[in-house]
Amino acid sequence: MKKYVCEVCGYVYDEAMGDQDNGIEAGVKWEDLPEDFVCPLCGVGKDQFAEEN
């Protein structure tokens with residue numbers, strides 16, 4: 001499982017954890033998130049996230 005970091009605010013989407021507060025179950029892969037997914041903290045789109053190394 002991977003993690004993706006918002007390049008604007010630093011929010012981390014962890015595939016293993018999901019985002020329970022926003023209705024995303026644990027284990028949901030980044031590519032399976034809806035195209036209109038936005039950062040829950042600052043509101044930018046998926047194109048503003050980078051895979052964490």
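The values are calculated or read from the model by the stated rules, or taken from the named source; none is laboratory data. These numbers were taken from a predicted model, which means no experiment stands behind them. Cβ placement follows ideal geometry from the backbone for every residue including glycine, while neighbour counts extend to all protein chains displayed. When the accessible area is computed, the model is the full protein with side chains, heavy atoms only, and any ligands, DNA or RNA have been set aside. Shrake-Rupley method; radii C 1.70, N 1.55, O 1.52, S 1.80 Å.
What to note about this one:
- The chain, accessible surface, carbon-and-sulfur percent (1.4 angstrom probe): 47 percent
- Think of a 1.4 Å ball rolled over the protein heavy atoms: the chain then has 65 Å² of accessible area per residue.
- Here the dipole of the chain is about 120 debye; that uses its Cα centre as origin and unit charges on the Cβ of Lys and Arg (positive) and Asp and Glu (negative).
- The chain: relative contact order as a whole-number percent, Cα under 8 Å and 6+ apart: 40 percent
- The C-alpha atoms of the stretch 5-52 occupy a region whose extents along the principal axes are 23, 19, 17 Å, arranged from largest to smallest.
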